[in-house]
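> After the structure tokens below, expect a handful of questions from me.
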Amino acid sequence: MGLISSLKKAFSKPYKTVSVAEAKDLLSSGATLIDVRSAQEWRSGRAPQAKHVPLDRLQTSTAGINRNKPVIAVCASGVRSASAARLLASHGYQAYSLRGGMSAWRAAGEPIR
């Protein structure tokens, strides 16, 4: 393997970052949406189809998250969801991070519960 391909592999993300529209397409195809924000943030408004799995809990267990379906992580802005997606990918999940988080979700006019 050449130096360039070794570097690409070493620095590549094991997950994909998706837009709200791409996330909606994935969800309509059966993907799971997990919200990794705190309980207080979760109560302030969430996507109706989201499952609440705070990032600190996800770091100790992925129990209850179907490994056979793509998983999209969402947080407030996209930083914690990137960490969650990286963690999920390391456990064998097909993982995605929602670019812009719930801020982008709201800006796109998507429903909030």
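The values are calculated or read from the model by the stated rules, or taken from the named source; none is laboratory data. Treat the numbers as computed from the prediction; the structure is a model and nothing was measured. When we count neighbours, we look across all protein chains shown, and the Cβ atoms used for this are built from the backbone with ideal geometry, even at glycine. Heavy atoms of the whole protein, side chains included, go into the accessibility calculation; ligands, DNA and RNA do not. Shrake-Rupley method; radii C 1.70, N 1.55, O 1.52, S 1.80 Å.
> Considering only residues of region 24-58 that are among the charged types (D, E, K, R) and within 23 Å of His91 (Cα to Cα), which is surrounded by the most Cβ atoms within 10 Å (Cβ to Cβ)?
Asp35
> Does at least one position in region 77-87 carry a residue that is touching a residue at least 60 places away in the same chain (Cβ under 8 Å) and of a type in the set (Val, Ile, Thr)?
no
Conditions (1) out of contact with any helix residue (DSSP H, G or I) (no Cβ under 8 Å at 6 or more places or on another chain); (2) assigned to a loop (DSSP other than H, G, I, E, B); (3) exposed (fewer than 12 other Cβ atoms within 10 Å of the Cβ), marked per residue:
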{"position": "Glu22", "(1), (2), (3)": "yes, no, no"}
{"position": "Thr60", "(1), (2), (3)": "yes, yes, yes"}
{"position": "Ile72", "(1), (2), (3)": "no, no, no"}
{"position": "Arg86", "(1), (2), (3)": "yes, no, no"}
{"position": "Gly92", "(1), (2), (3)": "yes, yes, yes"}
{"position": "Ala104", "(1), (2), (3)": "no, no, no"}
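> Also, quick follow-up: If you go through region 47-61 one residue at a time, do you hit one that is closer than 19 Å to Tyr15 by Cβ and touching a His at 6+ places or on another chain (Cβ under 9 Å)?
Taking every residue of region 47-61 in turn, none turns out to be closer than 19 Å to Tyr15 by Cβ and touching a His at 6+ places or on another chain (Cβ under 9 Å).
> In region 37-47, is there at least one residue being assigned to a loop (DSSP other than H, G, I, E, B), polar (S, T, N, Q) and closer than 19 Å to Lys16 by Cα?
No, because not a single residue in region 37-47 is assigned to a loop (DSSP other than H, G, I, E, B), polar (S, T, N, Q) and closer than 19 Å to Lys16 by Cα.
> Of the residues that sit in region 74-84 and are within 17 Å of Arg113 (Cα to Cα) and either in contact with a Cys (Cβ under 7 Å, 6 or more places away or on another chain) or part of a loop (DSSP other than H, G, I, E, B) (or both), which one is most open to solvent (accessible area, probe 1.4 Å)?
Ala76
> Residue check, Ile34 against (1) under 20 Å from Arg106 (Cβ atoms); (2) touching a helix residue (DSSP H, G or I) at 6+ places or on another chain (Cβ under 8 Å); (3) not in a strand (DSSP E or B), all met but one. Which one?
It is condition (3) that Ile34 fails.
> Please go through region 48-58 and pick out each residue that is in a helix (DSSP H, G or I) and of a type in the set (A, V, I, L, M).
Leu55, Leu58
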